[in-house]
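The values are calculated or read from the model by the stated rules, or taken from the named source; none is laboratory data. Not measured: the values here are computed from a predicted model. Every residue, glycine among them, receives a Cβ derived from its backbone with ideal geometry; neighbour counts consider all protein chains shown. Accessible surface areas use protein heavy atoms only, side chains included; no ligands, DNA or RNA. Shrake-Rupley method; radii C 1.70, N 1.55, O 1.52, S 1.80 Å.
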Amino acid sequence: MKPIVAIVGRPNVGKSTLFNRITRKKDALVDDFPGVTRDRHYGDAEWNDVEFSIVDTGGFARDEEDDFSSLIRSQIHLAIDDADVVILVLDGKGGISPFDSELIDILRRVTIPVFYVVNKIDGEEKESLLYEFHHLGLDDLYPISAEHGYGVPDFLDNLIPVLPISQMEKAAAEEEISIAVIGRPNAGKSSLINKILGEDRHLVSELPGTTRDVIDSLCKISGKQYRLIDTAGIRRKGRVSEKLEKFSIMKALKSLDRCDVALIVIDAAEGISEQDIRVAGYAHDRGCGSIFLLNKWDLVEQDKKTTNLFYEKLRMEAKFLSFAPVITISALTGLRVSEIFKLVDTVYKQYSTHVGTGMINRIVERAIEKNEPSIHKGKRLKFYYTTQVSTKPPTFVVFTNYPDAVHFSYQRYLMNQIREQTGLDKTPIRLYFRLRTGRIEFSDKKNQQKLSGKRKKK
C-alpha cells in the first residue's frame, strides 16, 4: 500500500477543500455548512514524484451537535490509527475552538508525524493570524489557503520527506478490479462493504442519505486486489430537492464510468421496485459488468418458491440485464457475501475478454448460414468482416453494405450467437455495424469515444 496521510479537524475548517487541492480533483463534496463529509474519503495524490494516499474525514464535533457525531468521531480515530502521517487543519479566520484543543491532546499521544496547518490564510499579510495558535503549544505551523493554494506547495515539500518511502517501494503494480456498489437509499450498500472489509469503514444508519460522497476502499481477497466504491443512494429525480443530494447522486452515477463491475444492491425485504430497475438501467447504459444482489434475504419470508419468484420478477422487469448474475445475500449476517467475489471474477474475466478475429468471423458466418437476413429494397444484406475493437465491455464491429438496414431483431440474433459461441453469457457486449468506407453507426456514446479515439491514433 502507498503511505497514508489523514486530514482531521473540526467542521468547516476546509479539510475537503485541502483534500481536493492535494489530489488535484474535486472528488470531495464541499459546501458552506458543517457536516458535509461523514465517511473517510480516500484519494490518490503525488508530489515531487512521490505517490501517497490521502484521507478526508468528517468534522470533529460534540455528539449532541449532529446525529452522526459519535460515528464520525469513531471514523476519525480509525483514520488516525491507519495513517502514516496526520494533518490537523485549523481555521485561521475562525480562531481557536475547544475541539482544536481536544484533537491536539489526542494527536500528542500518537507516535506518527503530525503536521499543523492553519487554513484560510490567503496571503503573507494574513500570517499574523498564526500568533493565536501558538497558545496551543504548537511551534511548527503552516499557513495555507486550501481554496487559493497559498502555502500549499511549501507545506507539501515538508510533508514528503517524512513519508515511509520503503512502503512505496514495496507496492507492486498489479491488476485492480473496480467495483461500484449502487442502489436505492438504505438498500445496505455501506453495510455490505463493512462486512467485506471486516470493519466499520463506512457509516451505517437507518436514516436515508447517510452516505454522501463516493467512498473508495481497497481490499485484497484470495491474492487479488479490488477497489470497492460505495455510493450515495439513488432516489427518483422527483424526490431529490437538496443541492447536496443532487451532487451526491451525480457522483454516484459518475462512479459507474470508472468501475468494471457494478453490484446492484436491492432491498429484498421491501421487494423489487421501479427505482431498482432504473438504477440497473444506469449501469447498463454505461456498459458496466453487473451483478444483482438481493440483500436482507434473512428478513424475507420464504418457502421453496420464493427465490425463483424473485428471480423471475427481476428477469421480467430488467430484461436488458438478462445476462447479469443474481445472488441472495445478507450484509448483516454475512449470508453468501463471500460468494460475491467468485461472481465478480467470472464477470470481470468475460468483461475483459478479447475474441480472436478468425473465431469471431467464423461465428458470424455460421450464424448467417443458419439464418439469413431479410432483403433490403430488393438487395441482399452482405456481412463482409467482423472484428473486436475493444474490451470492457467486449465490443464488435461488423462491416456490411447497409448498416441502417440491419433489423433490431437480427442484431439481437447475432449478439445471442456471439454469446453462445464465445461463452460471454455474463457480460454486456456491444455490436455495431459499419460501411467498409463509412462511419460507424453508434447508439452508445461511451464506445463511440473509444472507437473514435482509436481512429485518431491511426
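Residue count for the range 392-404, restricted to those that are modelled with pLDDT under 95 and polar (S, T, N, Q): 2. How many of the residues in the range 405-458 are modelled with pLDDT under 90 and in a helix (DSSP H, G or I)? Residues flagged as modelled with pLDDT under 90 and in a helix (DSSP H, G or I) within the range 405-458 amount to 13.
From the list Asp67, Asp105, the one residue that fits, being open to solvent by 50 Å² or more (accessible area, probe 1.4 Å) and modelled with pLDDT of 85 or more, is Asp105. Within the option set Ile80, Ile87, Ile121, being in contact with an Asp or Glu (Cβ under 7 Å, 6 or more places away or on another chain) and either loosely packed, with under 14 Cβ neighbours inside 10 Å or within 24 Å of Asn20 (Cβ to Cβ) (or both) holds for one residue only, Ile121.
Selection within the range 137-156: residues that are surrounded by 14 or more Cβ atoms within 10 Å (Cβ to Cβ) and in a helix (DSSP H, G or I). The member of this set that is farthest from the chain's Cα centre (by Cα) is Phe155.
The set of residues from the range 388-413 being more than 29 Å from the chain's Cα centre (by Cα), open to solvent by 30 Å² or more (accessible area, probe 1.4 Å) and either farther than 21 Å from His284 by Cβ or of a type in the set (S, T, N, Q) (or both) comprises Phe399, Asn401, Tyr402, Asp404, His407, Ser409, Gln411.
Residue by residue, here is whether (1) within 30 Å of Trp47 (Cα to Cα); (2) hydrophobic (A, V, I, L, M, F, W, C); (3) at pLDDT 90 or above holds:
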{"site": "Leu136", "(1), (2), (3)": "yes, yes, no"}
{"site": "Asp139", "(1), (2), (3)": "yes, no, no"}
{"site": "Phe155", "(1), (2), (3)": "yes, yes, yes"}
{"site": "Ile160", "(1), (2), (3)": "yes, yes, yes"}
{"site": "Ala172", "(1), (2), (3)": "yes, yes, no"}
{"site": "Ser178", "(1), (2), (3)": "yes, no, yes"}
{"site": "Pro185", "(1), (2), (3)": "no, no, no"}
{"site": "Leu197", "(1), (2), (3)": "yes, yes, no"}
{"site": "Leu207", "(1), (2), (3)": "no, yes, no"}
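Note on the range 372-387: residues that are among the hydrophobic types (A, V, I, L, M, F, W, C) and either open to solvent by 30 Å² or more (accessible area, probe 1.4 Å) or closer than 30 Å to Ile177 by Cα (or both) total 2. Being modelled with pLDDT under 90, of a type in the set (A, V, I, L, M, F, W, C) and surrounded by 15 or more Cβ atoms within 10 Å (Cβ to Cβ) holds for only one residue in Ala252, Ala268, Ala262, and it is Ala252. On the basis of being in a helix (DSSP H, G or I), more than 30 Å from Ser352 (Cα to Cα) and in contact (Cβ under 8 Å) with a residue 24 or more places away in the chain, does Asp276 make the cut? No.
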